1. How large is ³J(HN,Hα) for each residue in segment 62-72, as worked out from phi by the Karplus curve 6.51 cos²θ - 1.76 cosθ + 1.60 (θ = phi - 60°), to whole Hz, x for Gly and Pro?
2. Using label points projected 7 Å from each Cα along Cα→Cβ, tell me how many nm separate F50 and T101, to one decimal.
3. Check which residues have an amide H placed less than 5 Å from V108's amide H, if you skip close sequence neighbours.
4. Considering Cα pairs under 8 angstrom that are at least six residues apart, work out the relative contact order of segment 39-129 and quote it in whole percent.
5. Under a plain spin-label model, where a point goes 7 Å from the Cα along Cα-to-Cβ, how far apart in nm are K111 and C43?
6. Solvent-accessible area per residue for segment 1-115 at a 1.4 Å probe radius, Å²?
7. Given a Förster distance of 35 angstrom, what is the FRET efficiency for H85 paired with K20, based on the Cβ-Cβ distance and rounded to 0.05?
8. Take the solvent-accessible surface of the protein heavy atoms, probe 1.4 Å, and return the percent of it on segment 36-94 that carbon and sulfur atoms account for.
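The values are calculated or read from the model by the stated rules, or taken from the named source; none is laboratory data. Bear in mind that the values here come from a model prediction, so they are computed numbers and not experimental data. Because the Cβ atoms are built from the backbone with ideal geometry, glycine has one as well, and the counts that use them run over all protein chains shown. To get the accessible areas, we keep the full protein, side chains included, count just its heavy atoms, and leave off ligands, DNA and RNA. Shrake-Rupley method; radii C 1.70, N 1.55, O 1.52, S 1.80 Å.
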Amino acid sequence: MTTSLLSSLKVTARPTIEPKPPIIGKRLKLIEKLEQQQQLATCMLENKPFEAYREKMVKDPTTGERTKQRRAVSVKPWYYDSDGHYFLEVKVNNKPIDIQTGKPAIDVGDKANLPKTLETIIQAVEKGELDNFIMAKATTCKKATSTKPDTNKTSSKS
């Protein structure tokens, strides 16, 4: 008598998988952008050019084959100089968030402090300290559904 191969496997019911909260993805995206800003600041301090790339799927027009290509991306700094004194703004959806009410800028001081300040912000995002700001920006930036006026109404004339 032969035993089947499937009988040697342990079979169970499918476990329920809880969906991840959306804040996790938003945190990871913000951390990725902050790390990019940190690299940009480090390159500025070392007087090196900064190059950022992203992968894009491109379809070859002759063969129709899709391949990944690295494309250069332009990255704008979130920090700025005011008479040798640097300030930093953390951005979500390309809009600065208010760390305190009405105060979006972080006083960095000397440009040498930029990478350290960005590292502190990355740690704060990892711990969830900016979750309220991230979610507030995400909900206000979504397009509101607009209701179009009904132009197909017929007017009754007696």
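1. Computed from phi, the couplings for segment 62-72 are 7, 9, x, 7, 9, 10, 8, 10, 8, 10, 6 Hz.
2. If labels sit at F50 and T101, their model points lie 3.3 nm apart.
3. Y86, F87, L88
4. 20
5. For the pair K111/C43, the computed spacing is 1.4 nm.
6. Result: 81 Å² of accessible area for each residue.
7. Plugging the Cβ-Cβ distance into 1/(1 + (r/R0)^6) gives 0.30.
8. For segment 36-94, the apolar C and S fraction of the accessible surface comes to 44 percent.
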